[in-house]
Structures are given as C-alpha cells and as structure tokens.
Amino acid sequence: MSAQSPVRLGVIGAGYIAGVHGTAAAAIPRDVEFVAVADANAAAAAALAERFGWAHAYGDVAEMLRTEDLDAVVIATWPSTHLELIRQCVDAGVRHILCEKPFVLTGAQAFEVWELAASSGATITEAFMYRHHPAITRIDGLLDARALGAIDHVRASFTYVNLASELGIDPKDPNRPWRFRADQGGGALYDIGAYAINACTHVAASVPTRVAAFGRPANEFGTSDKIMGLIDYANGVVGMIEASEISDSTQELQISAELGTLYLPFSWTIYDETEITIRRSVPTSHRDNERIFRTIDDRLAVPRSNAFQDQLLNVAEVVRGASAPRVSLAETVVNTFTMEALAASLLAREEVDVAVPSAVAEAFLGASQARATV
C-alpha cells in the first residue's frame, strides 16, 4: 500500500451492518476500499460483493484471510463470534482489526484480546462509530479545555421499540436474529447499552469501581429488554445509563458539570448535522426568593458528517501510521468489565464491584490524561 492508494479492507459477515460499512466506504473511495467479504452463507457474501462491486466473495473466513492481501479487517458478525474471529485474524497475520460492538461478552474475553494484541502487535479497535463524528470531537475539545468545569455526572440514553411482533420473530425459533438471543449477545445492555457505557466512561475519564442496575433480566426471548444502571467512577463522577428496547426512541447524551450542562440530543447513529447545547444557570438564581432558576443557553452548530465514514477514515489513518484509534483497546476492556458487572447486578438485584485488571486500568488512565493535556 502506498501513501496515495486506498486502504484495502476485508469484511467478515454479510449482514446489515456490513452493508452500512460498504455504503460508507463507497463515499470515500480514495481512502478505503473493500476488496473482499467472507460469510458462512456464501450466497449472502456473493450478493453483498455484487451490490458494491467488490472483487471477491468467500464462504470461508480462513480462505479469505489466506488469499487476500488486506490492510485491515472489519468484523461484522454477531457478538458471540467475535473472540474466535479476532483470534483467527491475528493468527493469519492481520494487524489492524475493527470489530463491531459489543466487542465480546465477558471481561475475561476482553482481557484475552488485550493480551493477544500485546503479544502480536495487532491494533484491535471496537467499532463505536459515534466517537468519530465531529460532534463528539467538539465535545472532547470542550471537556479537555475544562469549559464545563468539574464533571458531576453523565447521563447516556439509547432506547427504541424493537417491534418483534410486527417483524414476526418467534421466541421459539432457534435461528431468530442475534438481538433476540442471549447466547449470541442480544438484549438491550449488550446491543445499545454498550454505547451508553462507552460514553459515560469516556467522559468520566476514570475507572469504574461499582455498579447498580435495574430493569427486566429476561423477556420471552430470554434477553433483557430494559436496563437502567448507575456507574460509580473512582474520581467521583457518576454515570447513568438508560437502555431499553420497549421505549420510544432516544439517543441523548447529557453532561452535568460545575459550569453548565451539555446536551447532545442525537448521539449514537449520527448521519447529519446536529447542535450541541450548553445550558448555564445565572449564578445567583439559587438564592432568589421565588426560587426561579434562570438559564442562558449556548448553541454550537456541528456540520453534517457520516459517523461510519469518519470511522473508516480513522482506520485508514491508523493503518498508515498517521493517527491512533479514537477508541483504545484499554477503554474497550474497561467497558466490557463494566457491562458484565451491570448484567450481574441486574440478575442479583444488588450492587456489584467492577474489577478491572490493573494493567488495563493504568493504560486507560494514561491515555485519558494524555488526551486532557493535548
């Protein structure tokens, strides 16, 4: 690969999200190009390749990895397969991997990937596309400049109605979609709650110590379709996550801090322009005799951008050695241990400690401190 040629990508999985990546790549052909797709369903792989004009389709992952000269691989399969596919890619010599969320299903699995990356030199990144959008970049700049002062708490919400009945999904069907199967990583926490956890941890820039979760552990599909959680961070920040598959759609991020409250109304699947609002109260309002809380709003426009395209551009920069991944592997491991603890808390109906390995915690904190001093 020359500095001028597009980064050559292969994708594992030929489902919906692989198509989203394909559409994103098609808009930035000078930077990235998918040259191959592999799926156990060879017909699905062939159909996806034909749709986007990709050169090769495979019914076997090993064959694609053995045959193609790839700069990076995107893993776009259901979560329960991610760990084995990451192992397979690394063993085949792939050194850049973008893996869809949720990354893996347990903290132990995430730590295994951490050790695998360390021993192989591979760069393995969780695909949180929202982190690449200019809105999040703008928020990062505000936080790093201490524009909001000390952060008190973060609320991250991702909800929608899954319409399982309208889609005709049968709880007894062993081949139902992965989002309706607990053994494959389905349910509100692992699917959409992953975004909320990531946002809280990223903003808090601290390691979680304990969690408490509330909601419904299992529905007719055996998955949890509603979880509300509290995350207590070592630096005193509290994270509040809302993830539900039975509530009207929300994608809100709220950062409450000493000097104001920041709102991003649509945070995770960002394809368009948006607006950040910072609401600041008049300093003396809490002493008014009538207890009227007056506020002043700052509105910050963010230009149109497609987060999936932004994510692939970051992949290209990482492959070329021009940039680091926006989402570090240490952060992903921290998030996975947090997610596992929230799942345990929901089942046990009690607080659960989060036990992040010390090496991972140190790496995450080091990266967070470096970001804040840039």
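Averaging the Cα positions of each part gives two centres, and for the range 162-192 and the range 1-44 these lie 26 Å apart. For the range 302-374, the Cβ-based charge dipole about the Cα centre amounts to some 400 debye (Lys, Arg positive; Asp, Glu negative; other atoms uncharged). Summary value for the range 96-145: 44 percent relative contact order, contacts being C-alpha pairs under 8 angstrom separated by 6+ residues.
Taking the Cα centre of the chain as origin, work out the dipole magnitude from +1 charges on Lys and Arg Cβ and -1 charges on Asp and Glu Cβ, in debye rounded to 20. The partial results should precede the final answer.
Working: 29 positive and 46 negative charges, 140 e Å.
Taking the Cα centre of the chain as origin, the dipole is about 680 debye.
The accessible surface of the chain, taken with every protein chain in place and a 1.4 Å probe, is 52 percent carbon and sulfur.
Summing charges over neighbours of V35, with a neighbour being any other residue whose Cβ is under 11 Å away from its Cβ, gives -3 when K and R count +1 and D and E count -1. The Cα atoms of the chain give a gyration tensor whose axes a ≥ b ≥ c have a/c of 1.5 or more with a/b greater than b/c, which makes the shape prolate.
Highest GNM mean-square fluctuation among A127, A194, A363, for the chain modelled with Cα contacts below 10 Å: A363. Using the 1.4 Å probe convention, the accessible area of the chain works out to 44 Å² per residue with neighbouring protein chains retained.
Were the residues from A218 through D91 laid out at 0.36 nm apart, the gain over their Cα-Cα distance would be 42.0 nm. With 0.36 nm allotted per residue and the present C-alpha distance subtracted, the A301-D248 stretch has 16.5 nm of extension available. Between V238 and A355, the distance separating the two model label sites (each 7 Å from Cα on the Cα→Cβ line) works out to 2.6 nm. FRET efficiency for the E112 to S281 pair, using the beta carbon distance and R₀ = 45 Å, is estimated at 0.45.
Taking every full run of DSSP H in the chain, the ones that stretch at least 24 Å from end to end by Cα along their long axis and average -0.5 or higher on the Kyte-Doolittle scale are 329-348. For an R0 of 45 angstrom, estimate the FRET efficiency from the Cβ-Cβ distance between A55 and A324 and round to the nearest 0.05. Calculated value: 0.90. Rounded to the nearest 20, the Cβ-based charge dipole of the range 157-309 about its Cα centre (Lys and Arg +1, Asp and Glu -1) stands at 340 debye. Remark: accessible surface ordering of F111, F221 (largest first) is F111, F221, probe radius 1.4 Å. The protection proxy used here, the mean number of other Cβ atoms lying within 10 Å of each residue, ranks peptides 139-151, 67-79 as follows, highest first: 67-79, 139-151.
Just name one of L346, P325, G121: the one whose Cα is farthest towards the positive end of the charge dipole of the chain (beta-carbon charges, Lys/Arg +1, Asp/Glu -1). Highest projection toward the positive end goes to P325.
The values are calculated or read from the model by the stated rules, or taken from the named source; none is laboratory data. Treat the numbers as computed from the prediction; the structure is a model and nothing was measured. We place every Cβ from the backbone using ideal geometry, glycine too, and count neighbours over all the protein chains shown. Calculation scope for accessible area: heavy atoms of the full protein, side chains included, ligands and nucleic acids excluded. Shrake-Rupley method; radii C 1.70, N 1.55, O 1.52, S 1.80 Å.
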